[in-house]
1. Considering region B:1-16 alone, what residues qualify as being facing chain A (nearest Cβ under 10 Å) and among the charged types (D, E, K, R)?
2. Within the group A:LYS353, A:LYS346, which residue is within 14 Å of chain B (Cβ to nearest Cβ), surrounded by fewer than 24 Cβ atoms within 10 Å (Cβ to Cβ), among the charged types (D, E, K, R) and out of contact with any Asp or Glu (no Cβ under 7 Å at 6 or more places or on another chain)?
3. Among the residues of region A:242-263, what is the count of those that are within 13 Å of chain B (Cβ to nearest Cβ) and either part of a helix (DSSP H, G or I) or buried (at least 24 other Cβ atoms within 10 Å of the Cβ) (or both)?
4. When you check B:SER172 against the structure, is it modelled with pLDDT under 75, closer than 26 Å to B:VAL131 by Cβ and of a type in the set (Gly, Ala, Ser), yes or no?
5. Identify, from the list A:ALA467, A:ALA425, A:ALA459, the residue that is over 30 Å from A:GLY298 (Cβ atoms) and at pLDDT 95 or above.
6. Within the group A:THR223, A:THR281, which residue is of a type in the set (Val, Ile, Thr) and in a loop (DSSP other than H, G, I, E, B)?
7. For A:LEU196, state whether it is crowded, with 18+ Cβ neighbours inside 10 Å, farther than 25 Å from A:GLY452 by Cβ and at pLDDT 90 or above.
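The values are calculated or read from the model by the stated rules, or taken from the named source; none is laboratory data. Source: prediction; values computed, not measured. So basically every Cβ, Gly included, is an ideal-geometry build from the backbone, and we count neighbours across all protein chains shown.
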Amino acid sequence: MSESTANASGENRAGETPVADELETVEDGDVTVTEGGTELERTIGLVGGLAIGVGTMIGAGIFVFPGIAAGQAGPAAAGSYAIGMVIALLVALPASELATAMPKSGGGYYFVSRSLGALAGTVVGVSLWLSLVFASSFYLVGFGSYAAEVLARVGITLSFSPTVALGLVFGALLTGLSFTGTENTAKLQNYVVAILLVILSLFLAYGGASALGFIGESSTPETFMPFGAMPVVTTAALVFTSYLGFAQVATVAGEIKNPGRNLPLAMVGSVLIVGVFYVCTVFVATSAFGSAKLASFGETAMVEVAGSFWGPAGAIAILVAGLLATVSSANASIMSSSRAVFALSKDALAPKKASAINLKYGTPHVALTMAGVPTLLLVASGETEILAEVASILSLVMYGLICVSLLAMRRDEPEWYDPDFRVPAYPVVAGLGALSSFGLIAFMQRTSQIVGVVVMLAAAGWYYYYARDVSLKGAL
Amino acid sequence: MTKVLVPVKILEGESVTPGLFDLLSTVDVVVLGYYEVPDQTPAEQAKLQFEERAQAKLDELRRGFADAGGDAETRLAFTGEAEQTIARVTVEADCDAIVHPGVAHDADRLLVPFVGRADVGTVVDFVAALVGDRDITVSALGLDEAVSREEIRNALDAAGLDTADLTMQPESTGDAIAAIADLAVDYDLVVMGEPKPTLSEWVFGDLEDRVARESLGPVVVVRARD
């Protein structure tokens, strides 16, 4: 059997086999017609794709971390965010090429399982599922910090710290809504992203002018790297969560119109947009206050910075932006996480039941539960930095393997491999992408590394226990 | 040959009643069974789980049309945006009209209101093709200030619908929907032209949707061709 006709095969412990994808023709980029004649509408355009990428990324990463990052790396924290952007771009390019060759739901999991096989696929699929769970928890704790700050500012004092409680309540609400909500949240997401970009642009315009000395008092210049180069890299590892999200564009590849053009533009474009915003924002924040003072404000440092520019109105604008951003990121991550579960279940690497849809609401209730419940358990831990780092580690492993997948595909191109977009100088880009993705993990905290390794070992164990006979390599 | 599209929410209990099978037996029918998924759900996932069930129901509908002496083809779609799917299939299958299914028991009385700057000629030609040589009563209703009695009468006569009766009520344009809904209970089917988009439609929803909702019966909207 040649690779072009190879199909997913084998059966798992429950006797289920992978669902073979039917041959399909894409007509004018707006619909996928399967062999049986059933039509699957493609409904997401370029703007929708960018909104998914930007909306998932602009979240707790930029609203929670500037204070902490400045405390660790000084003004060079802006450089830490820039390092993250370069790594994200090195991965976004290979991911774009693979996504245009395989525009299927499942994103990174799909490429890795098809080019490196079912074991690597299971590890990546489970990692992706849990990475998004950890990320959602991190966003919800971020939401909690902002909501607590709102309470504090309106003068409500509680006998306990409300951060975790507020995160839990909102997480439960979001999960509940995702079961029953048939409203078009994608349209809402577009508006949220637009509002966020406007608020951040105003913040940057004023703050930038002030930092460069056009408005207000000039701030005292500070050493760029007060603690040396090492903390800049460890901070880059910490704040990398801010870039998790561009790969989510690939998980909706099956629904994107004209994927050959829109997928690469949405993925690379969203990394560039948020990267530039992040670097500028941190630069402005560290210029407004010294980094030591910024660090003392903790998770809501951005609110203090805005307050120093415009008084209460600025603080309110950033509070609103922070609440919107963390909620939209958490919501997008819970939904993407359920898609990862679906992709695993479709390939018989997880029980079929996991992808069941209830007819009344049309929502995948089992997969959403598998995303929502662990998210709430992790929110209860309240460990911002660990949650963020574990989310990053699990995604970075997938990113590294995506780059390896590209190298494997290109070295021995199968007949069906015909991407609309090809990465220029691919061995360099994909090689650097893989090295930097795996390399960044080394700079994270020991606890996060241990949790990440345990998750991956458990995923491999699951594969050997449940689905070792399933074969996916080269199966389209 | 005249062709109509019948979009049906196939998994949500929407169906086609006997009167509509009979009414549409003179034209080619494309039955579009669709299932609209929310953002949380990939269309592919819904297809995997519901395709067989949906296809079985669609086949049932096709037999219904065949038993009434008509001819129907079926299409099945899983979509995140039903409107986009219906618009796309209408163009792809080159349909002349879209049917909003509603309850119709018989097939002998048609109401043809002219409203919303509709194209009289296109609508009348469609009605003539639908009626064919059957004994169906056609009642035309002029609600459109821009359209004169002579214009409608001439179009009806030219299309061979000279027995059709014609009532003019241009003063009720403001509340055309209520006027149509009041009358529609006595008819089996409402046929109207595709209205030009107006501000109030943007606010209250499509005119034809509101007519279908208030009159409870099926409504056929004839596409404006340019």
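1. Start the filter on region B:1-16 by keeping residues that are facing chain A (nearest Cβ under 10 Å), which leaves B:11-12.
Hit for region B:1-16 is B:GLU12, nothing else.
2. Values: A:LYS346 fails: surrounded by fewer than 24 Cβ atoms within 10 Å (Cβ to Cβ).
The conditions single out A:LYS353.
3. Residues that pass the stated criteria total 8.
4. On the way: modelled with pLDDT under 75: yes; closer than 26 Å to B:VAL131 by Cβ: yes; of a type in the set (Gly, Ala, Ser): yes.
So B:SER172 fits the description; yes.
5. Working: A:ALA467 fails: at pLDDT 95 or above; A:ALA425 fails: at pLDDT 95 or above.
One residue alone meets the criteria, A:ALA459.
6. Working: A:THR281 fails: in a loop (DSSP other than H, G, I, E, B).
Exactly one of A:THR223, A:THR281 is of a type in the set (Val, Ile, Thr) and in a loop (DSSP other than H, G, I, E, B), namely A:THR223.
7. When the stated conditions are applied, A:LEU196 passes them.
Okay, residues lined up against (1) touching a residue at least 40 places away in the same chain (Cβ under 8 Å); (2) under 23 Å from A:VAL150 (Cβ atoms):
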| position | (1), (2) |
| --- | --- |
| A:PRO264 | yes, no |
| A:LEU272 | yes, no |
| A:GLU304 | no, yes |
| A:ASN331 | yes, yes |
